[in-house]
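Structure, as structure tokens:
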Amino acid sequence: MKIELKGRKAIVTGSTAGIGRAIAEGLARAGASVVINGRGEQRVAAALQELRALLPEADLTGVVADLSTAEGSAALVAQVKDADILVNNLGTAHLNGFFEQKDSEWLDLFQLNVMSGVRAARHYVPGMVKRGWGRVVFISSESGVAIPKEMIDYGMTKTAQLAVSRGLAELVGGTGVTVNAVLPGPTRSEILGNWMKATAGEQGITQEEAEQNFLKTMRPTTLINRFTTTEEVANMVIYVCSEQASGTSGAALRVDGGVIRSIP
Ligand code: NAD
């Protein structure tokens, strides 16, 4: 199967690093025009420079906008009017204590992890429906199904994304637009990589050993016994964005290394 996305315009939110960066690269390799997004001018410029060096033929642009705010989302849509592919990748997590956490922390995470995607979908999906083709992907998490007790707020946002994704798929059924969620498991992205590096430094062990300890204590049901790479997650996303994936909509697709112990 050869995935060809020439002529399609894609937006990947939060794509200067981590999983988003790998998705942006994969979509560009498949021929799509790709819009990179991040909060900082320098980080967006650096990601663009790196990707352009890697893929000189690719059509890449950048938008600096903090999508955790309505103003940031408005800045994105003002600069990029239309898209055929929208990957709502932006998201973060913080370890926290349920009993100590403030209302504002819950609401801020909801804005960043959920509303960024809701606002982008609200703007871009009607155009996809009008043109009769579109792909929307929400990057959720296995934490949206197996809620981690050390970040219940994060689990809540990742379950919310599954609800939004499924609901939106229902709403646009039969239009040529598909909407799906992808659920990564522990992945060597920037945020988790930095966390594992810091843990390794503190404990005088290697990053691989820190990852193994994480899996043994926090995700013992893994079937692959390692973190996934950002590219492994991106591969699933590129597939659901392809012409060939036209039969898949409303799905929650796992790239979690088997962490979730259920069949469907
Ligand atoms: P990351 O922190 O490594 O990368 C996040 C990217 O988003 C960076 O480019 C960052 O600059 C950008 N960003 C952060 N806040 C932003 C904002 N307000 N506006 C615009 N850009 C912003 O993260 P990651 O681990 O690659 O995570 C990507 C997605 O995958 C998230 O939705 C996360 O919940 C999900 N996920 C990650 C893992 C994992 O193990 N890494 C597992 C499951 C799900």
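The values are calculated or read from the model by the stated rules, or taken from the named source; none is laboratory data. Not measured: the values here are computed from a predicted model. Please note: Cβ atoms are built from the backbone with ideal geometry, for glycine as well, and neighbour counts cover all protein chains shown. These accessible areas exclude ligands, DNA and RNA; they are computed on the full protein's heavy atoms, side chains included. Shrake-Rupley method; radii C 1.70, N 1.55, O 1.52, S 1.80 Å.
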I'd like the Karplus ³J(HN,Hα) series for segment 232-237: coefficients 6.51, -1.76, 1.60, θ = phi - 60°, whole numbers in Hz, and an x wherever there's a Gly or Pro.
4, 5, 4, 4, 5, 5
Mean-square fluctuation maximum in Gaussian network of the chain, Cα pairs under 10 Å, restricted to 185, 173, 247, hits 247
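Where does each of 205, 238, 263 land when they are ordered by accessible area, with a 1.4 Å probe and the largest first?
Details: 205 50, 238 15, 263 170 Å².
Largest to smallest exposure gives the sequence 263, 205, 238.
Using a 1.4 Å probe, what is the accessible area per residue for the chain, in Å²?
On the way: 12570 Å² over 264 residues.
Accessible area per residue: 48 Å².
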Summarise the accessible area of segment 129-211 (1.4 Å probe, protein heavy atoms) by the percent that is carbon and sulfur.
59
Ignoring everything but the protein chains, give the 1.4 Å probe accessible area of residue 183 in square angstrom, nearest 10.
0
Applying the Karplus parametrisation 6.51 cos²θ - 1.76 cosθ + 1.60 with θ = phi - 60° to the phi angles of segment 159-168, what ³J(HN,Hα) value in whole Hz is obtained for each residue in order, glycine and proline being reported as x?
5, 4, 4, 5, 5, 5, 4, 5, x, 5
Whole-Hz ³J(HN,Hα) from phi, Karplus 6.51 cos²θ - 1.76 cosθ + 1.60, for segment 33-46, glycine and proline x:
7, 10, 9, 8, 9, x, 7, x, 3, 5, 5, 5, 5, 5
Partners for residue 6 among lysines (Cα-Cα distance below 17 Å; same-chain residues under 8 apart left out)
none
Residues with amide H under 5 Å from that of residue 11, placed H, sequence gap 5 or more
35, 85, 86, 87
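Say R0 is 51 Å: what FRET efficiency, to the nearest 0.05, do residue 41 and residue 263 get from their beta-carbon distance? If you can, show how the numbers build up before the last one.
Details: r = 46 Å, r/R0 = 0.90.
That gives a FRET efficiency of 0.65.
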What residues qualify as long-range amide H neighbours of residue 134, i.e. H under 5 Å apart, gap of 5 or more or another chain, H built at 1.01 Å from N?
177, 178
Starting from the 7 Å offset along Cα-to-Cβ, what nm value, one decimal, do you get for the label separation of residue 213 and residue 92?
2.5
What share of all Cα pairs of segment 1-151, in percent, falls into each consecutive 10 Å distance bin?
11, 39, 33, 14, 3, 0
Quick one: accessible surface of residue 92, probe radius 1.4 Å, all protein chains present, in square angstrom to the nearest 10.
30
